[in-house]
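Here's the structure we're looking at; comments come further down.
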Amino acid sequence: MRRSNSGFSLIELLVVIAILGFLAATLTIAAAGLRQRSNIEKTAALVRRIDAGCEAYFTKFHDYPSDYAKLTAADKKPPPKVWATIKSDKYVYDYLGKPLTVTEGFVAAGAKVKNLEPFCEMNASEILGPDTGPHTVQVLDAWKGPIWYELPGYAHGTNFPDRSKGEVSSTDSKFDLTSAGPDKVCDSFLDKLIPDDDVTNWTYDRK
C-alpha cells in the first residue's frame, strides 16, 4: 500500500521560494518607481508654486526677485550698466517665502510701510537653514536638494536668455528655477541643453 505524502519536496520548496523572491523584487521595483514618480510630481508642484510666486512678485514690483536696484531704460542704453548674474540656492525664500515689509512713501511721521503676505506658501519640510540673515535658507525639492534660482534665465533648452519679458525687467529676461532631481547633479550649462532628470520651470513634468 503506497503512503501519501502531504509535504513539499525540496524542489517544490525551491520553486515557491524563487517565485516569492521574484514577486518581492517586482514589488520593490514598482514601489521605487511610484516613489520616484511621486517625488517628481511633488517637486514639479513646488517649482510651479515658486514660478507663480516670482510672477506675482513681478506684478507687484515690476521686476523679479533681486538684491540689485532695478535698471531703468536709461541704464540700459549704450553703454549699458552691467547686470550681475544671480545664481543661488538661497534666494527665493527671502523674497517669496516670508512676509515682506516695503516702503510705500513718506509722511510727516516718517516712512509709510506696508507688510505683504508671502508670495509663495512653503511647508516646513521644504525649507532648510536658520533664517539668520540674507540668503541663509534653502528651499528643498523632494530629494532634499536645493531649488536653484537664476536671473537672467537661460531657459527652454538653450544657452540664450529667455527674452519673453522684453524690456520691462532689469535683465530684459525671465528667470530659471532648477531642481537637480534624484541624482542631485546640477550643471549650469549642460542642464540647459539636456535637462535629464532635472525638474525646472521650463520642463515641469519629467518622466
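Can you give the local net charge around N115? Use residues other than it whose beta-carbon is closer than 15 angstrom to its beta-carbon, Lys and Arg +1, Asp and Glu -1.
+2
Suppose we take every Cα in segment 111-150 and form the convex hull; what volume per residue is that in Å³?
Values: hull volume 4.8 nm³, N = 40.
Each residue corresponds to 120 Å³ of Cα convex hull volume.
Would you calculate the separation in nanometres between label points at Y68 and E117, each defined as 7 Å from the Cα along the Cα-to-beta-carbon direction?
For the pair Y68/E117, the computed spacing is 3.2 nm.
Measure off 7 Å from each Cα along the Cα-to-Cβ vector at V102 and I29, then give the distance between these two points in nanometres to one decimal.
Calculated label separation equals 5.3 nm.
Among W143, W148, which comes first, then next, by fewest other beta-carbon atoms within 10 Å?
W143, W148
With a 10 Å Cβ neighbour count serving as the proxy for reagent exposure, in which order, fewest first, do K42, K184 appear? Walk me through the numbers on the way to the answer.
Details: K42 16, K184 13.
Least to most surrounded, the residues fall as K184, K42.
Ranked by Cβ crowding within 10 angstrom, fewest neighbours first, how are I50, I17 ordered?
I17, I50
Cα-Cα over 19 Å: which of K70/K98; K90/K144; K87/K114; K60/K114; K98/K174?
K70/K98; K87/K114; K98/K174
Apply 1/(1 + (r/R0)^6) to the Cβ-Cβ distance of K144 and V16, taking R0 = 41 Å, and write down the FRET efficiency to the nearest 0.05.
Computed FRET efficiency for K144 and V16: 0.55.
If you take every residue apart from P134 with its C-beta less than 15 Å away from the C-beta of P134, what net charge results, scoring Lys and Arg +1 and Asp and Glu -1?
That works out to -2.
Since every read-out is calculated from the coordinates, none of them should be taken as a lab result. Quantities reported herein were computed from a predicted structural model and do not represent experimental measurements. Heads up, the Cβs are rebuilt from the backbone with ideal geometry, glycines too, and the neighbour counts pull from every protein chain shown.
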